[in-house]
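A.B. asks: The structure that follows is given in the form of structure tokens.
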Amino acid sequence: MIPCLLTFDIEDWFQVENLRPLFPPERWESMPRRVADATRRVLGLLAESQIHSTFFVLGWVAEREPQLVREIAEAGHEVASHGHGHVMPMQLTRAEFRDDVVRAKKVLEDVSGREIVGYRAPSFSIDRERLAILEDCGFRYDSSHHPFDLHDRYGRLGDLGTPIAPGLYRVGDRMIELSLPVEHVGPVVLPASGGGYFRLYPAALFRRLVARSIARRGSYLMYLHSWEFDPGQPRVTGAGAARGTRHYLNLSRTLPRMRRLIGMLETLGARFMTARELVDHVVTA
């Protein structure tokens with residue numbers, strides 16, 4: 001049995017960091033929302049293979065699309081938190097971060113009717129002080145550690161110590177950190193967990209990295225964003241060539257590539273589960 005977690009960050013197309021120069025938060029209310037339709041494509045994909053996953057939902061989205069959050073929960077998926085305002089935590093003071101976390105947790109619990117115990121930071125921007133705040137706010141796990149040092153937005157958690165299971169670390173009295181996988185190819189470190197890398201790499205290369213990660217860790221953790229399943233989203237210019245390319249490249253290939261990857265994982269003996277299920281299994285084992 002190979003534990004496999006397919007996780008999804010639920011945010012709208014205009015809320016991403018790569019387009020932030022064009023769409024600051026004060027413009028969001030005037031933008032056409034597409035997050036519900038994009039997320040329902042994800043729900044349909046998972047239903048095809050009867051997979052239960054974890055959805056890290058933005059509090060801002062839950063306030064405006066409560067029915068979508070209920071659909072996620074009623075389909076048997078885990079609702080977790082992506083914060084409220086999609087501001088990188090490292091750009092917030094500790095007090096501002098706590099307020100953002102508490103606000104999102106409350107709205108997600110009110111709307112879903114479920115306890116919210118998991119968190120993922122926008123742009124994986126997290127540090128030890130903010131992990132301690134999460135624990136103090138009642139979270140049981142975080143999945144914001146992306147050990148790819150070349151990305152300037154990702155947080156730096158330092159040495160997490162000895163894992164209690166491959167990719168899982170204790171980072172407090174009750175908190176567990178779920179680390180995203182990277183693979184070393186000679187001196188080169190390559191992210192193997194999804195997101196933009198899933199669209200930017202050749203599909204065959206990404207699948208090889210996934211197979212390597214599973215062989216090394218005995219498990220797999222992947223993430224994608226809901227907007228990556230929306231190839232019809234508006235095309236805008238002005239964010240810069242690099243940022244625009246990272247956002248729009250191969251959006252039409254996300255869904256078919258995911259179907260093929262799921263098939264590969266099933267062939268390898270994957271047991272698909274939510275992040276909470278994996279944490280519960282490891283902690284109680």
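The values are calculated or read from the model by the stated rules, or taken from the named source; none is laboratory data. Small disclaimer: the values here were computed from a predicted structure and weren't measured. All Cβ positions, even for glycine, are placed from backbone atoms using ideal geometry, and neighbour counts span all protein chains on display.
A.B. asks: Residues being crowded, with 17+ Cβ neighbours inside 10 Å and outside any strand (DSSP E or B): count how many of those fall in the range 182-206.
C.D. replies: Final tally of qualifying residues: 9.
A.B. asks: Quick one: would you say PRO234 is under 20 Å from the mean Cα position of the chain (by Cα), surrounded by fewer than 16 Cβ atoms within 10 Å (Cβ to Cβ) and of a type outside the set (D, E, K, R)? Outline the logic, then answer.
C.D. replies: Details: under 20 Å from the mean Cα position of the chain (by Cα): no; surrounded by fewer than 16 Cβ atoms within 10 Å (Cβ to Cβ): yes; of a type outside the set (D, E, K, R): yes.
Considered against the rule, which asks whether it is under 20 Å from the mean Cα position of the chain (by Cα), surrounded by fewer than 16 Cβ atoms within 10 Å (Cβ to Cβ) and of a type outside the set (D, E, K, R), PRO234 comes out as no.
A.B. asks: Give the range 231-273 a look and list any residue that's of a type in the set (Lys, Arg) and part of a loop (DSSP other than H, G, I, E, B), or say none. First the steps, then the outcome.
C.D. replies: First pass over the range 231-273, keeping only residues of a type in the set (Lys, Arg): 235, 243, 246, 253, 257, 259-260, 271.
Residue satisfying the conditions is ARG235 alone.
A.B. asks: Then there's this: For GLN91, all conditions in the list (1) touching a helix residue (DSSP H, G or I) at 6+ places or on another chain (Cβ under 8 Å); (2) closer than 22 Å to LEU19 by Cα hold save one; what is the number of the exception?
C.D. replies: Status for GLN91: all satisfied but (1).
A.B. asks: Among the residues of the range 16-33 satisfying the criterion of being among the basic types (Lys, Arg) and either at pLDDT 95 or above or assigned to a helix (DSSP H, G or I) (or both), which is surrounded by the fewest Cβ atoms within 10 Å (Cβ to Cβ)? It would help to see each step written out before you state the result.
C.D. replies: Within the range 16-33, the first condition is being among the basic types (Lys, Arg), and the residues that meet it are 20, 27, 33.
If we keep only those that are either at pLDDT 95 or above or assigned to a helix (DSSP H, G or I) (or both) too, we end up with 27, 33.
On the way: ARG27: 10, ARG33: 15.
Per the stated criteria, the residue is ARG27.
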